[in-house]
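Notes follow the structure.
Every number in this text was worked out from the coordinates using simple rules, so none of it is lab data. Not measured: the values here are computed from a predicted model. Neighbour counts are summed over all protein chains in view; Cβ atoms, including those assigned to glycine, are modelled from backbone coordinates with ideal geometry.
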Amino acid sequence: MSTLDNTSLQLPKENPEAEDFLPLLGTDYVELYVGNAKQAAHYYMSAWGFQPLAYAGLETGLKNKVSYVLQQDKIRLVLTSPLKSGGEINRHLDAHGDGVKVIALWVDDATKSYRETVKRGAKAYLEPKILKDEHGQVVLSGIHTYGETVHIFVERKGYDGTFMPGYRPWKPHYSSKDTGLRYVDHMVGNVGWNEMSKWCKFYAEVMGFAQLVSFDDNDISTEYTALMSKVMSNGNGRIKFPINEPADGRKKSQIEEYIEFYNGAGVQHMALATNNIIQTVTSLHNRGVEFLTVPASYYEDVLDRVGEIDEDLAPLRDLGILVDRDDEGYLLQIFTKPILDRPTMFIEIIQRKGAKSFGKGNFKALFEAIEREQKSRGTL
């Protein structure tokens, strides 16, 4: 049974400027196209603490692809690989490597969501489709976004099965303890030169989002590189999409490196929320997850900058966790190194203690850490 409540919800509005006509109730799942779904599933279970949930493949009647579904609290990952040569998934993997194909959004009415977004200019990806089994029905529809990323609208209020029709429960002998990850806080997209405003306009006009905050190259820059970013959010604040584009700098920025190796625009990172970042990061570190590090000098004046916090500074320093404050409170965050062979996607771990921002005060330290990794790869 899904941990997402299947009932229709009227959620309070946190972003008053958002039209929020769909509305969106949360992130239903994130689907990655990967070269070997079985092995990728083992990685996300062993290293990240995801639990096995559902499976679709040859045994369920699929002939050309296989998917493993993993879950940790409200986060669901779908890992999909091709079973034969040729076809769309192989082409996608050849162009981009492993990466996010689908950001699925939980809605109360997938047919309405499709009609409203296509009417406003979205390019259709999947016309409304009903999937049925003995547990009820799920309605899916979808639209294209930046690069080859798509949004699938998922209506599951009439379904009480494991994941959705076409999948069977997956209960392997092995499963690992969770690491305290709770939900998807935000998903970040990288787009090409001068494309940020275009895609922010898309989310505003096509999906009813509004801009939450923006950062220019004065905010996000180092001695060598720079980028610009705007954060788009739906009305209830459950879906937040920062959109990044490169900015002029002396050397190749992380956004340019991403676009070069991903071969276009795509999802740069998932930010996953936890209620105890020290425990979560300790567990992930012990399981072999590699994180970016900042100089010890970062912690010499961090409390002067952010003020009093509940956590002891020593474990934050030992783990490399960053701290920032806004008018609403503070946040703690840390970023992995790329989790794939191509220097493309990574994962952020975030704990919010009231803060609604994205760590502006950490940008310089973070981006210098990324540049050190770029230099080691010879791509700076």
Within segment 37-70, the residues that are crowded, with 20+ Cβ neighbours inside 10 Å and among the polar types (S, T, N, Q) are Ser67
Taking segment 269-287 and keeping residues in contact with a helix residue (DSSP H, G or I) (Cβ under 6 Å, 6 or more places away or on another chain) and not basic (Lys, Arg) leaves Thr274, Ile278, Val281
Selection from segment 129-138 of residues part of a strand (DSSP E or B) and surrounded by fewer than 20 Cβ atoms within 10 Å (Cβ to Cβ) yields Lys129, Ile130, Leu131, Lys132, Asp133, Gly136, Gln137
Inside segment 294-335, the number of residues satisfying the requirement of being acidic (Asp, Glu), surrounded by 12 or more Cβ atoms within 10 Å (Cβ to Cβ) and not in a helix (DSSP H, G or I) is 4
The number of residues in segment 71-88 that are of a type in the set (A, V, I, L, M) and surrounded by fewer than 20 Cβ atoms within 10 Å (Cβ to Cβ) is 1
>> Quick check on segment 17-35. Is at least one of its residues part of a loop (DSSP other than H, G, I, E, B), among the small types (Gly, Ala, Ser) and surrounded by 21 or more Cβ atoms within 10 Å (Cβ to Cβ)?
In response: yes
*asked:* Condition first: touching an Asp or Glu at 6+ places or on another chain (Cβ under 6 Å) and over 24 Å from Asp73 (Cβ atoms). Can you find one or more residues in segment 246-262 that meet it?
replied: yes
- Message: Regarding segment 107-128, can at least one residue be identified that is touching a residue at least 40 places away in the same chain (Cβ under 8 Å) and either in a strand (DSSP E or B) or under 27 Å from Lys38 (Cβ atoms) (or both)?
- Response: yes
Of (1) surrounded by fewer than 20 Cβ atoms within 10 Å (Cβ to Cβ); (2) more than 20 Å from the chain's Cα centre (by Cα), Tyr159 satisfies every one except (1)
Q | Flag for Gly147 being touching a helix residue (DSSP H, G or I) at 6+ places or on another chain (Cβ under 9 Å), of a type outside the set (S, T, N, Q) and not in a strand (DSSP E or B) | A | yes
